[in-house]
Amino acid sequence: DSNTPITTWHHWERLFFFLFIFDKAGEHVISLFNQEYRRLVSKDDFKLADHPMMDVIARICATRANVDIGPFMAFVQAPLSYRLRNTNLYNNLIPAWPLYRLVPAASLRQIQQTLRLKTPLSLVDSRQLKTTDLKGSLKLTMNAQSFKESQGKVLLIKDGSNISRLQTITSPEIHLNNFPIGVYTLLHPSAPHTRRIATCNHIEVQALAD
């Protein structure tokens, strides 16, 4: 939560970052990533700039584990290409997020044990968290131009292939009350002439304080 980009972290801190990702996606993803990167590097026309490591990791997690680590990468300011972020949005992936960001501090240890997670920093998804029965509230705010283009249309709030809510846009402010905790993907209504650029593609719903 220090708002410090991962590029400035110590080596051991970066190691934990990767461990959290591979722990969520599955240990098999580690070997798959190694195989894929060796395959890419062995090509005669290989250029590092064409295959950023973060993109390769995120793509392997998406294609082999159906996990979207894009929100987590954005949280730690890890570089991820726009193309991959956009592709992941529409592939019914399950977004992952650190547990400690979602549950009350007083319940953190107990929920960690219940979910059999290694640390409070472990990545989880909203499906895992359903067993907690914890709810939260969130307010989404649209600027005037976005509301004008989206009024009467539907905002999709998704958890992987599941649609958690279809929200008709009737006001610049959208309130999500008593909503299951977790991180969700937002699919915005299409805008005419692509004038509107969505600045928020994932939302974090934290549990209400005890």
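The values are calculated or read from the model by the stated rules, or taken from the named source; none is laboratory data. The structure presented is a predicted model; accordingly, all values stated were derived computationally and were not measured. Here the Cβ is made from the backbone with ideal geometry for all residues, glycine too, and neighbour counts use every protein chain on show. Each accessible area value is taken on the protein alone, full model and side chains, heavy atoms only, with ligands, DNA and RNA left out. Shrake-Rupley method; radii C 1.70, N 1.55, O 1.52, S 1.80 Å.
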Kindly evaluate THR170 against the criterion of being under 23 Å from the mean Cα position of the chain (by Cα) and open to solvent by 90 Å² or more (accessible area, probe 1.4 Å). no
Within region 101-117, can one find any residue that is part of a helix (DSSP H, G or I), farther than 30 Å from LEU48 by Cβ and within 15 Å of the chain's Cα centre (by Cα)? yes
Counting only residues in region 121-143 that are touching a strand residue (DSSP E or B) at 6+ places or on another chain (Cβ under 7 Å), more than 21 Å from LYS24 (Cα to Cα) and of a type outside the set (S, T, N, Q), the one surrounded by the most Cβ atoms within 10 Å (Cβ to Cβ) is identified as GLY136
Checked against (1) loosely packed, with under 14 Cβ neighbours inside 10 Å; (2) small (Gly, Ala, Ser); (3) part of a helix (DSSP H, G or I), SER146 satisfies every condition except (1)
TYR100: at pLDDT 95 or above, under 25 Å from THR185 (Cα atoms) and either open to solvent by 20 Å² or more (accessible area, probe 1.4 Å) or among the acidic types (Asp, Glu) (or both), yes or no? yes
Residue check: is THR4 more than 21 Å from the chain's Cα centre (by Cα), among the polar types (S, T, N, Q) and farther than 24 Å from ILE94 by Cα? no
Any residue at all in region 62-70 that's assigned to a loop (DSSP other than H, G, I, E, B), farther than 30 Å from ALA209 by Cα and modelled with pLDDT under 90? no
Determine if region 82-96 includes at least one residue that is farther than 24 Å from PRO5 by Cα, surrounded by fewer than 18 Cβ atoms within 10 Å (Cβ to Cβ) and not polar (S, T, N, Q). yes
Is it the case, given these coordinates, that GLY160 is exposed (fewer than 13 other Cβ atoms within 10 Å of the Cβ) and either among the small types (Gly, Ala, Ser) or modelled with pLDDT under 90 (or both)? no
Name the single residue, out of those in region 53-74 being out of contact with any Asp or Glu (no Cβ under 9 Å at 6 or more places or on another chain) and surrounded by fewer than 18 Cβ atoms within 10 Å (Cβ to Cβ), that is nearest to ASN34 (Cα to Cα). MET53
Go through LYS43, LYS24, LYS118, LYS47 for me and flag whichever is closer than 19 Å to VAL205 by Cβ and open to solvent by 20 Å² or more (accessible area, probe 1.4 Å). LYS24
Collect the residues in region 176-193 that are open to solvent by 40 Å² or more (accessible area, probe 1.4 Å) and under 18 Å from LEU102 (Cα atoms), keeping them in residue-number order. ASN177, ASN178, PRO180
Can you name the residue in region 196-210 that is more than 18 Å from the chain's Cα centre (by Cα) and surrounded by 10 or more Cβ atoms within 10 Å (Cβ to Cβ) and is also modelled with the highest pLDDT among such residues? LEU208
Given the options ASN86, ASN92, name the one that is among the polar types (S, T, N, Q) and not in a helix (DSSP H, G or I). ASN92
Restrict the check to region 145-165 and report whether at least one residue is more than 16 Å from HIS188 (Cβ to Cβ), in contact with a helix residue (DSSP H, G or I) (Cβ under 9 Å, 6 or more places away or on another chain), free of Cβ contacts under 8 Å to residues at least 60 places away in the same chain and of a type outside the set (Phe, Trp, Tyr). yes
